[in-house]
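Report on the following structure.
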Amino acid sequence: MNYDALKQRLTAAHDIAKEVGRFLVANQAGDIGTSAKGRGDLVTAMDLESERQIKEFLHSTFPEDNFLGEEMGFERYGDGGTWVIDPIDGTSNYVNGLPGYTISIGYEIERWKPVLGVVYDPVLDEIFYASKGGGAFFQGRPMHCSEKTDYRQSIAFTSPPMRYLDYMDDFCTIWSAVTPKVGEYRDYGSAALHLAYVAAGRGDLFFEFSLQYHDMAAGKILVEEAGGVVSPIFVNNKGSFSGSIIASPLNTHATYLEILQIDNN
């Protein structure tokens, strides 16, 4: 895909994320029709409507593109790339009247290799975006991962795998390894937001277990274009990649892998 086509898609994703974000904020206090998909996994009428609005706009603009949405699944329309959409990442926050939810929109041409991403926090009106080879930006300004080298001053983002308790032992193993070697933990309840914060230099490490691809697609390209690395986590010989990742700046990534006792070879 050429630069102009990618830029058009980035602009479109940026604009629809902000538009839908305003809709979500305006309706957060209303009747949002909540139901449970599983333990700690909520869906609301706003998730469905947000995804519908995003898809409708992008499909009308790029009819050859396909869609992978959290709520609607995969929908094929042509020979274009695929939009990867999480209409509300942090639905539990949204349902409970809390901040810390985002709209996450990624786009890929090859599977698992996003080439653009937009993460929008509508409560704070903060937007993070990036495209392959085009750099990463926060509110229109270039953003970069942290350059800290003193791990005692670092901030780590993570959330326990409450939906997938089979991974809790692995999570606790890594938590125990890293806790003495970071300054602070933060959990804002949105993996996309955590990745965006690493990309913006607001934190130094993110790790989480059992994420879905729509949770991480946009955030992955943000981190990479901001000078960071996103790696899969394989622990306890579980075999295949299960959506568990670690993200950090390039200059500290190998050290964090060692601290976290992860062998990705």
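The values are calculated or read from the model by the stated rules, or taken from the named source; none is laboratory data. Computed from a predicted structure; not experimentally measured. Here the Cβ is made from the backbone with ideal geometry for all residues, glycine too, and neighbour counts use every protein chain on show.
Quick grid of which residues meet (1) part of a strand (DSSP E or B); (2) surrounded by 21 or more Cβ atoms within 10 Å (Cβ to Cβ); (3) within 18 Å of the chain's Cα centre (by Cα):
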position: L48; (1), (2), (3): no, no, no
position: E51; (1), (2), (3): no, yes, yes
position: I54; (1), (2), (3): no, yes, yes
position: H59; (1), (2), (3): no, no, no
position: W83; (1), (2), (3): yes, yes, yes
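Among the residues of the range 27-46, is there at least one that is at pLDDT 95 or above and not hydrophobic (A, V, I, L, M, F, W, C)? Break it down stepwise before answering.
Here is the first cut: in the range 27-46, the ones at pLDDT 95 or above are none.
Within the range 27-46, none of the residues are at pLDDT 95 or above and not hydrophobic (A, V, I, L, M, F, W, C).
Checking the structure you have, find out if any residue of the range 116-123 is over 30 Å from Y3 (Cβ atoms) and assigned by TED's automatic domain parsing to the domain that holds I85.
Yes; the residues of the range 116-123 include at least one that is over 30 Å from Y3 (Cβ atoms) and assigned by TED's automatic domain parsing to the domain that holds I85.
When you scan the range 166-238 for helices (runs of 4 or more DSSP H) that lie fully inside it, which ones turn up with 1 or more residues that are within 22 Å of A13 (Cβ to Cβ) and of a type in the set (V, I, T)? Can you show your working first?
Details: elements: 168-178, 191-199, 213-225.
Result: 191-199, 213-225.
I'd like to verify a number: residues in the range 202-214 that are modelled with pLDDT under 95 and surrounded by 24 or more Cβ atoms within 10 Å (Cβ to Cβ), how many?
1
So which of D65, D125, D79, D150 is acidic (D, E) and buried (at least 18 other Cβ atoms within 10 Å of the Cβ)?
D65
Can you pull out the residues in the range 91-118 that are surrounded by 24 or more Cβ atoms within 10 Å (Cβ to Cβ) and modelled with pLDDT of 95 or more?
Result: Y101, T102, I103, S104, I105, G106, Y107, P114, L116, G117, V118.
Could we say that Y164 is among the hydroxyl-bearing types (S, T, Y) and in contact with a Phe, Trp or Tyr (Cβ under 8 Å, 6 or more places away or on another chain) here?
The answer is yes for Y164.
Name the one entry in G201, G183 that is without any contact (Cβ under 8 Å) to a residue 40 or more places away in the chain and within 30 Å of G140 (Cα to Cα). Break it down into steps so the answer makes sense when it comes.
Numbers: G201 fails: without any contact (Cβ under 8 Å) to a residue 40 or more places away in the chain.
Of G201, G183, the one residue that is without any contact (Cβ under 8 Å) to a residue 40 or more places away in the chain and within 30 Å of G140 (Cα to Cα) is G183.
Filter the range 96-154 down to residues that are in a loop (DSSP other than H, G, I, E, B) and polar (S, T, N, Q) and give me whichever is farthest from the chain's Cα centre (by Cα).
Ranking the qualifying residues of the range 96-154, first place goes to T149.
Take the residues of the range 61-81 that are hydrophobic (A, V, I, L, M, F, W, C) and outside any strand (DSSP E or B): which is nearest to M46 (Cα to Cα)?
Restricting to residues being hydrophobic (A, V, I, L, M, F, W, C) and outside any strand (DSSP E or B), the top hit is M72.
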